[in-house]
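The values are calculated or read from the model by the stated rules, or taken from the named source; none is laboratory data. Here the structure is a predicted model, which means the values were calculated and not measured. Counting neighbours? That spans all protein chains shown, and the Cβs are built from the backbone with ideal geometry, glycine included. Side chains are part of the model used for accessible areas, which takes the heavy atoms of the whole protein and leaves out ligands, DNA and RNA. Shrake-Rupley method; radii C 1.70, N 1.55, O 1.52, S 1.80 Å.
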Amino acid sequence: GQAYWNAYLKAAILPDDRRPKREELTAWQTNSKTHLEVGLQKMAENVPENADLDKITDLIAGKVTLAQIYTNEQNYDKAVELLTKPKHAPLEAIKVKQGEARPPLGIKSANFARLVYQILLRAYVGQQQTDAALSAMKDLEAIVGTNGEELTRTYVELGKQIRAEVERLQAEGPETRL
């Protein structure tokens, strides 16, 4: 599922003369979502609720990718549910104890946590859940820290993601989704 999604994201923003046909892009997105949904369901069935996070990183990462797909499809309710639903929720998996440093890699890293909150923020905005979006922004800012440059970079990155999504949707047509 991840390979289809990566191929889809890269190809969807290519110039018109190099972009695959819309049908092919749609197939990649559909295959990605289908493979991830099936795979995640099978993985989740075999993982106890209190599983060690180090042993379920693929499950957490897969949920984040699927939430990104749902957000790009404007299926914000499913994205929020996937990120926040209690059993193996990415939002819980990225938490660190107060004062604990984030590791440089993995699901507790600042980069991964930032991605989770960016997707969650986009989904809350899509749902028009202002209070939840403001709370997600506060949590995102806590991950980034007090570094103004880093915070600016994070919001610029989020803006670029939204712009890329708009460009992808325009390339896909129909404009009714915009």
Taking Lys and Arg as +1 and Asp and Glu as -1, residues besides A89 with C-beta under 13 Å from its C-beta add up to +1
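For the chain, which whole percent of the accessible surface, found with a 1.4 angstrom probe, sits on carbon and sulfur atoms?
Values: 5370 of 10440 Å².
After summing per-atom areas, the C and S share lands at 51 percent.
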Contact order relative to length for the chain, counting C-alpha pairs under 8 Å separated by 6 or more residues, stands in percent at 17 percent
Most fluctuating of A12, A79, A164 in the GNM of the chain (C-alpha, under 10 Å) is A164
Counting only protein heavy atoms and leaving out ligands, DNA and RNA, the solvent-accessible surface of K138 at a 1.4 Å probe, in Å² to the nearest 10, equals 140 Å²
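Return a whole-number percent for the relative contact order of segment 1-75, with Cα pairs under 8 Å and 6 or more residues apart as the contact set. The partial results should precede the final answer.
Values: 42 pairs, mean separation 25.2, N = 75.
Over segment 1-75, the number comes to 34 percent.
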Heavy-atom accessible area per residue of the chain, all protein chains kept, 1.4 Å probe, expressed in Å², is 59 Å²
Ignoring ligands and nucleic acids, R163 exposes an accessible area, probe 1.4 Å, in Å² to the nearest 10, of 140 Å²
If every Lys and Arg gets +1 and every Asp and Glu gets -1 at its Cβ, then about the Cα centre segment 25-149 yields a dipole, in debye to the nearest 20, of 100 debye
For segment 1-106, Rg(Cα) over 2.2 N^0.38 Å is 1.22
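Taking Cα pairs under 8 Å and at least six residues apart, what relative contact order does segment 57-137 come out at, in percent? It would help to have the intermediate numbers written out before the result.
Details: 91 pairs, mean separation 23.0, N = 81.
It comes to 28 percent, rounded to a whole number.
In units of 2.2 N^0.38 Å, what is the alpha-carbon radius of gyration of the chain? Intermediate results must be reported in sequence, preceding the final value.
Numbers: Rg = 16.6 Å, N = 178, 2.2 N^0.38 = 15.8 Å.
This ratio for the chain stands at 1.06.
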Once all protein chains are kept in place, D58 shows an accessible area at probe 1.4 Å, nearest 10 Å², of 110 Å²
